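Structure first, then comments.
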Amino acid sequence: MDRETQQHWMRRALALAARAEGRTSPNPLVGAVIVRGDTVVGEGFHHCAGKPHAEIEALKKAGNRARGADMIVTLEPCCHQGRTPPCTEAVIAAGIRRVFVGMQDPNPLVKGKGSRRLKNAGIEVTTGILRKECERQNEVFVKYIRTGLPFVTLKAAVSLDGKIATNSGDSKWITGPEARKVVHQLRNRVDAIVAGSGTVLKDDPQLTTRLGKRAGRNPVRVVLDSQGLVPMKARVFENTDRDRVIYVTTRLAPVARLRKLEKAGVEVWTERAGREGVSLKRVMRRLAENGLTHVLIEGGSRLNAAALKARIVDKVLFFVAPLLIGGNGAVSVIGGPGIQKLKDAMHIQKPTLTPVGRDWMVEGYL
Ligand code: AOF
Ligand code: ZN
């Protein structure tokens, strides 16, 4: 199979995998295609953790036609018994002749061993087809499996002069409807959304996914409130029968209120109170341990500053509106003491700029 054909099928596998975006945590997104000559005889993707892997889905579709065929898969096939049996054995048993892999599995249980197992069984394995695209698609899984921490996206909506509200605190709306819709699409794909007490007290947000008629689901809501200032009636605490809500606080919070919140279906995490409230790193680790591997921070200037300082942020997603707000008292997107020297500024890697309605979306990595 020539390089171009391999890439063609890999693009198909990537597109299949993408269908489950936001639904597979803590597992990866994986797509697989089985071809004979130039016809697809089976294809599949991983739907959610605990369900069959992409390779198994594709093999099921292919049936007998898998014998002697080629498999194109975005991630190295697994060779371990996890929630499901090893894919390598199924691939071998089905008589697949060649396997084209997008990226090596960073999971130490599999890493390199999956491919080796296939090769030892006489299957030809080629790795690295559209590797960059495959790694990008699984950036959340890669971070999680390597560090035990979630992949963190910090989202903000700012004016051209970097403000998130006016002098008097008016913040609705800085960006237009198109940009706000993109935010709801993002909420639909992340596992958890984090806000601090400042934002919850000021804006009383719902932190839900609202995509109109189109189906979506709400991420887990996480409220950081080390001092216990957020009132029971805050909208983030609504619909706990449907959504998981985690309230992270410290011993500084009134115990009676915590019991009340728990009665109302809110999960209360009491963390150690450090000099600057709870340790964000600790909270992130705990979220990952709960299978929440993609976390969206929709904080105010204080949480944004704290998250950047704690170095938990992987990606920034700023919606920039062509507005000038001004005012010394108007809050800007990153609070705290900031830096003294420009050489200490954080550099955004691989920034991209995309127009969204009347606004721009600026994306990049830290
Ligand atoms: C998936 N889907 O399509 C592939 C995965 O606990 P398990 O059995 O679901 O195994 C999860 C691991 O399997 C995962 O961390 C990754 O290393 C490997 N491959 N996982 O969820 C798939 N191919
Ligand atoms: Zn597998």
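The values are calculated or read from the model by the stated rules, or taken from the named source; none is laboratory data. Keep in mind it's a predicted model, so treat the numbers as computed, not measured. Neighbour counts run over all protein chains shown; Cβ positions are idealised from the backbone, glycine included.
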- Would you kindly identify the strands (runs of 3 or more DSSP E) lying entirely within region 167-266 that contain at least 3 residues that are free of Cβ contacts under 8 Å to residues at least 60 places away in the same chain and either in the same structural domain as Trp360 (by the TED database) or out of contact with any strand residue (DSSP E or B) (no Cβ under 8 Å at 6 or more places or on another chain) (or both)? 245-249
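Here are some residues: Ala90, Ala17. Which one is within 16 Å of ligand 1 (Cβ to nearest atom), under 30 Å from Val295 (Cα atoms) and either in the same structural domain as Glu289 (by the TED database) or touching a residue at least 24 places away in the same chain (Cβ under 8 Å) (or both)?
Step by step, each of Ala90, Ala17 is checked, and only Ala17 is within 16 Å of ligand 1 (Cβ to nearest atom), under 30 Å from Val295 (Cα atoms) and either in the same structural domain as Glu289 (by the TED database) or touching a residue at least 24 places away in the same chain (Cβ under 8 Å) (or both).
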- Enumeration of residues in region 136-154 that are aromatic (Phe, Trp, Tyr) and farther than 18 Å from Glu363 by Cβ: Phe141, Tyr144
- Item | Residue list for region 22-36, filter: in a loop (DSSP other than H, G, I, E, B) and either away from ligand 1 (no atom under 13 Å from the Cβ) or free of Cβ contacts under 8 Å to residues at least 24 places away in the same chain (or both) | Gly22
- Taking region 63-106, which residues are at pLDDT 95 or above, polar (S, T, N, Q) and under 32 Å from the mean Cα position of the chain (by Cα)? Thr74, Thr88, Gln104
- Item | Hits in region 334-349 (condition: farther than 18 Å from Arg311 by Cβ and not in a helix (DSSP H, G or I)) | Gln340, Lys341
- Message: Against the condition modelled with pLDDT under 95, under 29 Å from Gly148 (Cβ atoms), out of contact with any Leu (no Cβ under 8 Å at 6 or more places or on another chain) and more than 11 Å from ligand 1 (Cβ to nearest atom), how does Gly50 come out, does it pass?
- Response: no
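In contact (Cβ under 8 Å) with a residue 12 or more places away in the chain and within 16 Å of ligand 2 (Cβ to nearest atom): is that true of Leu154 in this structure?
It is false that Leu154 is in contact (Cβ under 8 Å) with a residue 12 or more places away in the chain and within 16 Å of ligand 2 (Cβ to nearest atom).
Please work out if Glu133 is over 26 Å from Ala288 (Cβ atoms) and either within 13 Å of ligand 1 (Cβ to nearest atom) or modelled with pLDDT of 95 or more (or both).
Here the answer is no, as Glu133 does not meet what is asked.
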- Could you tell me whether Arg136 is away from ligand 2 (no atom under 14 Å from the Cβ), assigned to a helix (DSSP H, G or I), under 26 Å from the mean Cα position of the chain (by Cα) and not assigned by the TED database to the domain that holds Val183? yes
- Item | Output for region 121-154, where each listed residue is within 28 Å of Gly299 (Cβ to Cβ) and acidic (Asp, Glu) | Glu135, Glu139
- For Gly357, indicate whether it is touching a helix residue (DSSP H, G or I) at 6+ places or on another chain (Cβ under 7 Å), among the small types (Gly, Ala, Ser) and farther than 21 Å from Leu224 by Cβ. yes
- Message: I'm told Ser301 meets every condition in (1) more than 30 Å from Arg23 (Cβ to Cβ); (2) touching an Asp or Glu at 6+ places or on another chain (Cβ under 8 Å) except one. Can you identify the failing condition by its number?
- Response: (2)
- Message: Checking the condition assigned to a helix (DSSP H, G or I) and crowded, with 21+ Cβ neighbours inside 10 Å, which residue from Leu303, Leu308, Leu296 passes?
- Response: Leu303
